[in-house]
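Chemist: Have a look at the structure that comes next, please.
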Amino acid sequence: MVSSTNTTIVNERPHHTLWGDAWIRLRRNKLAMAGGIFIIVLTLAAIFAPLITPYSFAHQDLNAILENPSSKHWLGTDGLGRDVFARLLYGARTSLAVGIFAQLIVIGIGLPIGAVAGYAGGRLDNALMRFVDVMYGFPDLLLVILLKAILGGGIYQLFLAIGLVAWVNIARLIRGQILAIKSREFVSAAHAMGGMGPYITWRHLLPNSLGPIIVSITFNIPRAIFTEAALSFIGIGVRPPTPSWGTMISDGYAVIFASWYQVFFPALAIALLMIAFTFLGDGLRDALDPKMRR
Amino acid sequence: MTALLEVRNVKTYFYTQDGVVKAVDGVSFNVNRGETIALVGESGCGKTVSALSILRLVAEPAGKIVSGEIIFNGIDLLKLSNEEMRKMRGAKISIIFQEPLTSLNPVLTIGRQISEGLEFHKNMSVREGMQEATRLLQMVGIPHPERRVHDFPHQFSGGMRQRAMIAIAIACQPQLIIADEPTTVVDVTIQAQLLELIRNITKELNTALILITHNLGIVARYAQRVFVMYAGDIVEHGKALDVYHTPFHPYTAGLLGSVPRLDEPRKTRLQPIEGQPPDLIALPAGCSFQARCAYAIPECHKEKPPLLEISPSHFAACWVSQKGSRSWQK
Amino acid sequence: MTRFVIRRVLWLILVLLVVSFITFSLMHLVPGGPWDRDKQLAPQVVAALNAKYGLDKPFYVQYGNFLLGLLHGDLGISYSYQDRSVTQILMQGFPKTAVLGTTAFILALLVGITFGMAAALRQNTWIDYVCVMFSTIFASVPGFVLGILLIIVFSVILHWFPTGGWGSPSQIVMPAIALAALPAAFMARITRASTLETMRQDYVRTARSKGLLERVVLIRHILRNSLIPVVTIAGPEFAALVTGSVIVETIFSIPGIGRLFVQGIFARDYGLIMGTVLFYAFVIAIANLVVDILYGVIDPRIRYE
């Protein structure tokens, strides 16, 4: 019989915060961990590239063009005798930089617009959302190309061009979060306790929205990386001497039958990096899903 | 006269990560032609799984009918091929499920869902099937059936959906209908209507009915015999009125005591049965009810009681009921 | 239902107007003009050319003229191909893009839905694991990257397929696969998840309890419900596929509208840019419209709005 006074709780659930709990779940996801490790390794390799390879991105050795991989040039050389492995590492800097920094602009535009729409509601919300809907009707890659053509320049303008098109998803996300939370009771409770507008936003809305925002950004990064590669491939992305996987591909494309290594490795690198981010994003999404908390 | 359906010592187990769940552990009951029996017990006691076992709808591979026989019209259903069994379902034996909203396909019209069985078992064309469906909707009391037959489930109210489920069940004029808690999800006024409807239809078509419920209040009025289930076993069975007035198993008594009765003066408080049903993976040795039984004696912990005869038509699986003192009877 | 369609068509027109306006404005902000060549033309020549094509008029006049022309189905003149109108050029490129896009989309649908359903119906078998693994991987790799890898493996190393061009069936295989892979993988994931969900529904059990053939249960009860979410994403997926074809056409040297767009950007060919962007926006809008209508047909629950 269960006595009501002397109850001992067996299996007391250890107290985890949402983040601690999520981290444990993320760790268990092997694919996500693999993706995360790959990203970290690549980032470190990109940062410490000068320590890893003696060659630079642009160093030409016209005596050693179109060579196959060897002990001297681990991944071979391209049509101008440049070391493919070195170009790969330095190109990683560009890809990662674009992937991550474009998100700053995405958040910088998307978060305020989404927050204003969600918080203000009414006609302002309607107008902004209509604008968002129209943006969805735009073929986004084309718009990025067009914007970049206008802005000209190099990598910084690329951040801007990508950011100006990709903010839409984040705005919608934030607005949705705010609308959902606005209607929940604890906000009115906080209101009842005399909490004022910005206070409510800060303390209650933001921590809850952070999860989906992180997931969305993790999925946006590979898209930005791809966009940079595609634009650079066409010739409208970063400008030389900035290293880029896309440029590597377009440089080598003409002589692809003579030596395909210089095209293969950057393409493979793009693919692997995007897969890694997708695995990580999937894992984060599962880990941060509050419904899966035990 | 042989019974229409005879379930003999059926065991249906579920194999899960945590262990083997013995949902139905050696259950036997029978139904005669045109008779209504009730299968009563708390949620989780195995009544729904017993019903699904009869139709061999138990979800494989996790669930399996491990042993036993289910004799219907002289044929053991468990030995039929899949194709032969399919010919039985809906045509000779049909089932009315508990949740009419989720049990109906949202993208098909009500009429189509009724006529499906007719198309398959009676070789009707879609048009003939829809015509018959209209007639059936009228029979179950849906107004404007010729219009309603083209509606979708979300356009019906809860009570109407359940009527539609009844129409589906009787469409091919089966010999046996299983009604799994047909009134649990509707409110009380609709409950009475639905039960009357079911009773009238089964009488008119001379269909046997297995009424599954946890509500003992309706058992006496609608069933001739009742089988009480607990933790995968039948613990008591007999004529409905006998069991109702003189329950021989403490669990049955507990069930009766916990039902509010309008026809008796309010002498004492409702007596809920203390405790929780046992974990079907780790059943105790001896009687499954021992942990919650106020009358348990040493034998109860050692050996599981079989169904012991009290009268030729009344059996109870309880050691204490044999010993004479039955303080739970009024 | 017709009111719904009319509303959506009006919305489509509005979107196209806004897209055309934004594109028009952006185009005129692009530095340089359609007369930029390697050797700079003399300023008087440039001015004369501008006057001839009305490029010296104020912005709103130009845009107004453009809209007027649009009503007549005239998209203007191409500045790089000076003997042809934009409409003519688009008409030439359209069949290639259309064939490629449609082939890739149908391929994606067939492969995606089939594998997704197979994985769900054989859950936890090797079919399921393989499907999930492949769909996760291919859902992350866009057509441009996959196209290049395919070219390296199948053209350069194995010599099975040509690297590009258009005209023979063998030239459509790799671009179509490159374009179809991501949508196929994505749709496989959605189909699998949706089918798993549907299989667990009570009404599937009801269908079986009526004694119906398993085939009927599968098609009439499971499939019809599990495909509803797939239809919902089919529209955006088609739009993404069409947009992705821009780069794929460039890699495979397919003379379609995507390549025309890229050419137009580099040549500052206003007419070509406008024409191609509007084309893509139109395709996206139509795809979404079709999906919205289809959704109402498939799911009766949302029909009566």
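Chemist: A:S232 - would you say it is modelled with pLDDT of 70 or more, of a type in the set (S, T, Y) and assigned to a helix (DSSP H, G or I)?
Modeler: yes
Chemist: Right, here's the next one. Among the listed residues C:E237, C:E249, which satisfies the condition of being buried (at least 22 other Cβ atoms within 10 Å of the Cβ), more than 10 Å from chain A (Cβ to nearest Cβ), assigned to a helix (DSSP H, G or I) and out of contact with any Leu (no Cβ under 8 Å at 6 or more places or on another chain)?
Modeler: From the options C:E237, C:E249, the qualifying one is C:E237.
Chemist: Which condition number in (1) touching a helix residue (DSSP H, G or I) at 6+ places or on another chain (Cβ under 6 Å); (2) among the hydrophobic types (A, V, I, L, M, F, W, C); (3) free of Cβ contacts under 8 Å to residues at least 24 places away in the same chain is the one that C:V277 fails?
Modeler: For C:V277, the exception is condition (3).
Chemist: Any residue in region A:41-49 that is part of a helix (DSSP H, G or I), touching a Ser or Thr at 6+ places or on another chain (Cβ under 7 Å) and surrounded by 20 or more Cβ atoms within 10 Å (Cβ to Cβ)?
Modeler: No - not one qualifying residue is present in region A:41-49.
Chemist: Quick check on region A:36-43. Is at least one of its residues at pLDDT 75 or above, among the small types (G, A, S), under 25 Å from A:Y90 (Cα atoms) and in contact with a Lys or Arg (Cβ under 9 Å, 6 or more places away or on another chain)?
Modeler: Among the residues of region A:36-43, not one is at pLDDT 75 or above, among the small types (G, A, S), under 25 Å from A:Y90 (Cα atoms) and in contact with a Lys or Arg (Cβ under 9 Å, 6 or more places away or on another chain), which makes the answer no.
Chemist: Considering only region A:247-262, how many residues are at the interface with chain C (Cβ under 9 Å from one of its Cβ atoms) and either under 16 Å from A:A58 (Cα atoms) or of a type in the set (S, T, N, Q) (or both)?
Modeler: 1
Chemist: Which residues, counting only those in region B:58-76, are out of contact with any helix residue (DSSP H, G or I) (no Cβ under 6 Å at 6 or more places or on another chain) and without any contact (Cβ under 8 Å) to a residue 60 or more places away in the chain?
Modeler: B:A59, B:E60, B:P61, B:A62, B:G63, B:K64, B:V66, B:S67, B:I75, B:D76
Chemist: Another question, then. With the structure loaded, tell me whether A:I234 is within 8 Å of another protein chain (Cβ to nearest Cβ), over 19 Å from A:F85 (Cβ atoms) and over 17 Å from the mean Cα position of the chain (by Cα) or whether it fails that test.
Modeler: yes
Chemist: Considering every residue within region C:263-273, establish whether at least one is surrounded by 19 or more Cβ atoms within 10 Å (Cβ to Cβ), modelled with pLDDT under 85 and part of a loop (DSSP other than H, G, I, E, B).
Modeler: yes
Let's see how each residue does on (1) within 14 Å of another protein chain (Cβ to nearest Cβ); (2) at pLDDT 90 or above; (3) part of a helix (DSSP H, G or I); (4) touching a strand residue (DSSP E or B) at 6+ places or on another chain (Cβ under 7 Å):
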{"residue": "A:W74", "(1), (2), (3), (4)": "no, no, no, no"}
{"residue": "A:L89", "(1), (2), (3), (4)": "no, yes, yes, no"}
{"residue": "A:V116", "(1), (2), (3), (4)": "no, no, yes, no"}
{"residue": "A:G153", "(1), (2), (3), (4)": "yes, no, no, no"}
{"residue": "A:I174", "(1), (2), (3), (4)": "no, no, yes, no"}
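Chemist: Within region C:194-217, can you find the residues that are in contact (Cβ under 8 Å) with a residue 12 or more places away in the chain and in a helix (DSSP H, G or I)?
Modeler: Across region C:194-217, the qualifying residues are C:S194, C:T195, C:L196, C:E197, C:T198, C:M199, C:Y203, C:V204, C:A207, C:V217.
Chemist: I'd like the full set of residues that are at the interface with another protein chain (Cβ under 7 Å from one of its Cβ atoms) and under 22 Å from the mean Cα position of the chain (by Cα), limited to region B:96-105.
Modeler: B:F97, B:E99, B:T102, B:S103, B:L104 - these are the residues of region B:96-105 that are at the interface with another protein chain (Cβ under 7 Å from one of its Cβ atoms) and under 22 Å from the mean Cα position of the chain (by Cα).
Chemist: Also, I was wondering about something else. Looking at this structure, is C:V61 of a type in the set (A, V, I, L, M) and surrounded by 13 or more Cβ atoms within 10 Å (Cβ to Cβ)?
Modeler: Taking the combined requirement at face value, the residue does not satisfy it.
Chemist: Let me ask another. Out of curiosity, is B:A179 away from every other protein chain (no Cβ under 14 Å), within 20 Å of B:V49 (Cα to Cα), modelled with pLDDT of 90 or more and in contact with a strand residue (DSSP E or B) (Cβ under 9 Å, 6 or more places away or on another chain)?
Modeler: It is false that B:A179 is away from every other protein chain (no Cβ under 14 Å), within 20 Å of B:V49 (Cα to Cα), modelled with pLDDT of 90 or more and in contact with a strand residue (DSSP E or B) (Cβ under 9 Å, 6 or more places away or on another chain).
Chemist: Mind listing whichever residues of region B:1-42 are of a type in the set (G, A, S), within 22 Å of B:T207 (Cβ to Cβ) and in contact with a helix residue (DSSP H, G or I) (Cβ under 7 Å, 6 or more places away or on another chain)?
Modeler: Result: B:A38, single match.
Chemist: State which residue is surrounded by the fewest Cβ atoms within 10 Å (Cβ to Cβ) when the search covers only region A:255-285 and only residues that are farther than 21 Å from C:V141 by Cα and in contact (Cβ under 8 Å) with a residue 60 or more places away in the chain.
Modeler: Checking each candidate, the answer is A:A258.
Chemist: Would it be correct to say that B:L108 is within 14 Å of chain C (Cβ to nearest Cβ) and surrounded by 18 or more Cβ atoms within 10 Å (Cβ to Cβ)?
Modeler: Yes.
Chemist: Moving to a separate point now. State whether the residues of region A:121-138 include one that is surrounded by 17 or more Cβ atoms within 10 Å (Cβ to Cβ), in contact (Cβ under 8 Å) with a residue 60 or more places away in the chain and over 22 Å from A:L51 (Cβ atoms).
Modeler: no
Chemist: To continue, here is another question. Only one of B:P100, B:P143 is of a type outside the set (D, E) and modelled with pLDDT under 90. Can you tell me which?
Modeler: From the options B:P100, B:P143, the qualifying one is B:P100.
Chemist: Please verify whether region C:292-302 includes one or more residues that are assigned to a helix (DSSP H, G or I), more than 14 Å from chain B (Cβ to nearest Cβ), modelled with pLDDT under 90 and under 25 Å from A:D140 (Cβ atoms).
Modeler: For region C:292-302, residues assigned to a helix (DSSP H, G or I), more than 14 Å from chain B (Cβ to nearest Cβ), modelled with pLDDT under 90 and under 25 Å from A:D140 (Cβ atoms): present.
Chemist: Moving on to the next point. How many residues are of a type in the set (G, A, S) and over 19 Å from the mean Cα position of the chain (by Cα) if we restrict to region A:142-174?
Modeler: 4
Chemist: Counting only residues that are in contact with a Lys or Arg (Cβ under 9 Å, 6 or more places away or on another chain) and at pLDDT below 90, which one in region B:217-228 is nearest to B:I178 (Cα to Cα)?
Modeler: Within region B:217-228, the match that is nearest to B:I178 (Cα to Cα) is B:Y222.
Chemist: Still on this structure, I have one more. What helices (runs of 4 or more DSSP H), lying completely within region C:86-174, carry at least 3 residues that are more than 30 Å from A:I225 (Cα to Cα) and touching a Leu at 6+ places or on another chain (Cβ under 7 Å)?
Modeler: Here the list reads C:86-121.
Chemist: Another question, then. Does B:R163 fit the bill of being part of a helix (DSSP H, G or I), away from chain C (no Cβ under 13 Å) and within 19 Å of the chain's Cα centre (by Cα)?
Modeler: yes
Chemist: State whether the residues of region B:123-136 include one that is touching a residue at least 24 places away in the same chain (Cβ under 8 Å) and either at the interface with chain C (Cβ under 9 Å from one of its Cβ atoms) or out of contact with any helix residue (DSSP H, G or I) (no Cβ under 7 Å at 6 or more places or on another chain) (or both).
Modeler: There is no residue in region B:123-136 that is touching a residue at least 24 places away in the same chain (Cβ under 8 Å) and either at the interface with chain C (Cβ under 9 Å from one of its Cβ atoms) or out of contact with any helix residue (DSSP H, G or I) (no Cβ under 7 Å at 6 or more places or on another chain) (or both).
Chemist: For residues in region B:31-90 being small (G, A, S) and in a helix (DSSP H, G or I), which is farthest from the other protein chains (Cβ to nearest Cβ)?
Modeler: Here the answer is B:S50.
Chemist: In the set C:Q171, C:Q123, which member is in contact (Cβ under 8 Å) with a residue 60 or more places away in the chain, within 14 Å of another protein chain (Cβ to nearest Cβ) and among the polar types (S, T, N, Q)?
Modeler: Going through C:Q171, C:Q123 in turn, just one is in contact (Cβ under 8 Å) with a residue 60 or more places away in the chain, within 14 Å of another protein chain (Cβ to nearest Cβ) and among the polar types (S, T, N, Q): C:Q123.
The values are calculated or read from the model by the stated rules, or taken from the named source; none is laboratory data. Just so we're clear, the structure is a prediction, and the values are computed from it rather than from any experiment. Reconstructed Cβ throughout: ideal geometry from the backbone, glycine too, with neighbour counts over all protein chains shown.
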